[in-house]
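Okay, so here's the structure we're looking at.
The values are calculated or read from the model by the stated rules, or taken from the named source; none is laboratory data. Just so we're clear, the structure is a prediction, and the values are computed from it rather than from any experiment. Neighbour counts are summed over all protein chains in view; Cβ atoms, including those assigned to glycine, are modelled from backbone coordinates with ideal geometry. Accessible surface areas use protein heavy atoms only, side chains included; no ligands, DNA or RNA. Shrake-Rupley method; radii C 1.70, N 1.55, O 1.52, S 1.80 Å.
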Amino acid sequence: MYDYDLLVVGSANADLVIGVERRPGAGETVLGSDLVVHPGGKGANQAVAAARLGARTALLARVGDDAHGRLLLDSQRRAGVDTVGVLVGGAPTGVALITVDPSGDNSIVVSPGANALLAPGDVRAAASLFQASRVVSAQLEIPLGTVVEVVRNLADGGRFVLNPSPPRPLPSEVLAVCDPLIVNEHEARVILGDACVGAGPADWARILLAKGPRSVVVTLGAEGALVASDQGVSRIPPVRVTAVDTTGAGDAFTAALAYRLAGGASLADAAAYAARVGAVAVTRGGAQDSYPSAAEVEAL
Ligand code: ADP
């Protein structure tokens, strides 16, 4: 029996957002709207999304001993995430400086801050969390060596889910345990490089699977998703909604999928549920603010 459905190992950032008429060029200063600060980072987003659905969730992350770190801890606790694994101090909390223009295009500068200090030793020190977790999920906004240590610390029978974002080459040791590797179209293109040319998403899924993961999910935004395993490739139809803000949809999808896998669902069933969660999330503004409860997913 596991104490947690899901342990998320990943980043926690404060997103500092300013609306601007026009994003500034080199050497230019523009005036913008009032500053809005949101809790974000892919790890923190996934943990909140899972907990809001009812998953017993823990987060292993690092934040600074500062106001942004407290904002992140508060949002995790409000959602019901166990923050026993959130380490504090060593560097300022990670920050994303975001300017958004009226067309919705943005420019983003990320300062990883404390996320860059989440070290392999922190993973080893959290061994009891790993032993207590049915599924562990990670992303790549923390050092790659830390993700390698994560896969070495999975519980016997534990399952690993990876969203390789931002995309970069992965060691075969990590690829081999991904079940699934979850990529959006952008991540698939970066990882596959030339192999993408002239191929469609179903081919991408097959080529990614051939690189070693036990299973692959390709998310396709409003087009739904594809799942690939040794059973073949199948399509998860989209849930038709009117999207207002797709920020953080992929994080909600990954969290929901990991939660359902922890409950014993098949990959296809877990992905179908995740598509419903992603669909609700895009009907609302923000990332964490947009994540639904299980009842809201039912009501869709
Ligand atoms: P990311 O946020 O990483 O770019 P996607 O845009 O592929 O990822 O979205 C993740 C999932 O969220 C999709 O597979 C889909 O299930 C759901 N989703 C995203 N955008 C929409 C949309 N416009 N309508 C319905 N579902 C959506």
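How large is the dipole of the chain about the Cα centre if only Lys and Arg carry +1 and Asp and Glu carry -1, each at its Cβ, rounded to the nearest 20 debye?
That gives a dipole near 500 debye.
With every protein chain left in place and a probe of 1.4 Å, what is the accessible surface of residue 2, to the nearest 10 Å²?
About 50 Å², rounded to the nearest 10.
Only Cα pairs under 8 Å and at least 6 apart count here; give the relative contact order of region 1-127 as a rounded whole percent.
Averaging sequence separation for qualifying contacts and normalising by length gives 30 percent for region 1-127.
At a temperature of 25 °C and a viscosity of 0.890 mPa s, determine how fast region 77-198 diffuses translationally according to Stokes-Einstein, using the Kirkwood radius over alpha-carbon pairs as Rh; express D in µm²/s, rounded to the nearest whole number.
Using the Kirkwood radius from Cα pairs, D works out to 150 µm²/s.
Would you work out which of 93, 157, 127 lies farthest towards the positive end of the dipole of the chain, given +1 charges on the beta-carbon of Lys and Arg and -1 on that of Asp and Glu, about the Cα centre?
Selected residue: 157.
Mind listing the phi-derived Karplus ³J(HN,Hα) values for region 268-281, rounded to whole Hz, using 6.51, -1.76 and 1.60 with θ = phi - 60°, and x for any glycine or proline?
So the J values, rounded to whole Hz, are 5, 5, 5, 5, 5, 5, 4, 5, 5, 5, x, 5, 4, 4.
Return the long-range amide H neighbours of residue 87 (sequence gap of 5 or more, or a different chain), with a cut-off of under 5 Å between placed amide H atoms.
Long-range HN contacts for residue 87: 61, 62, 63.
Let me know the charge dipole size of region 157-279 about its Cα centre in debye, to the nearest 20, where only the beta-carbon of Lys, Arg (+1) and Asp, Glu (-1) is charged.
My answer is approximately 180 debye.
Relative contact order for region 139-209: what is it in percent, counting Cα pairs under 8 Å that are at least 6 residues apart?
27
Could you go through region 91-103 in sequence order and give the Karplus-derived ³J(HN,Hα) for each residue, using 6.51 cos²θ - 1.76 cosθ + 1.60 with θ = phi - 60°, rounded to whole Hz, and x for Gly and Pro?
Whole-Hz 3J(HN,Hα) from phi for region 91-103: 6, x, 3, x, 9, 10, 8, 10, 10, 10, 9, x, 7.
Calculate one ³J(HN,Hα) per residue across region 42-53 by plugging θ = phi - 60° into the Karplus curve 6.51 cos²θ - 1.76 cosθ + 1.60, and present them in order as whole Hz with x for glycine and proline.
Once θ is set to phi - 60°, the couplings for region 42-53 become 5, x, 4, 4, 4, 5, 5, 4, 5, 5, 5, 7 Hz.
Treating only the Cβ of Lys, Arg, Asp and Glu as charged (+1, +1, -1, -1), what charge dipole size does region 100-198 show about its Cα centre? Round to the nearest 20 debye.
340
At 222 nm, what helix-only mean residue ellipticity would the chain give, in deg cm²/dmol to the nearest 500, using -39500 (n - 2.57) for each DSSP H run of four or more?
Calculated from helices alone, the mean residue ellipticity at 222 nm is -10000 deg cm²/dmol.
Based on DSSP, what percent of beta bridges with both residues in the chain are antiparallel, to the nearest 5?
40
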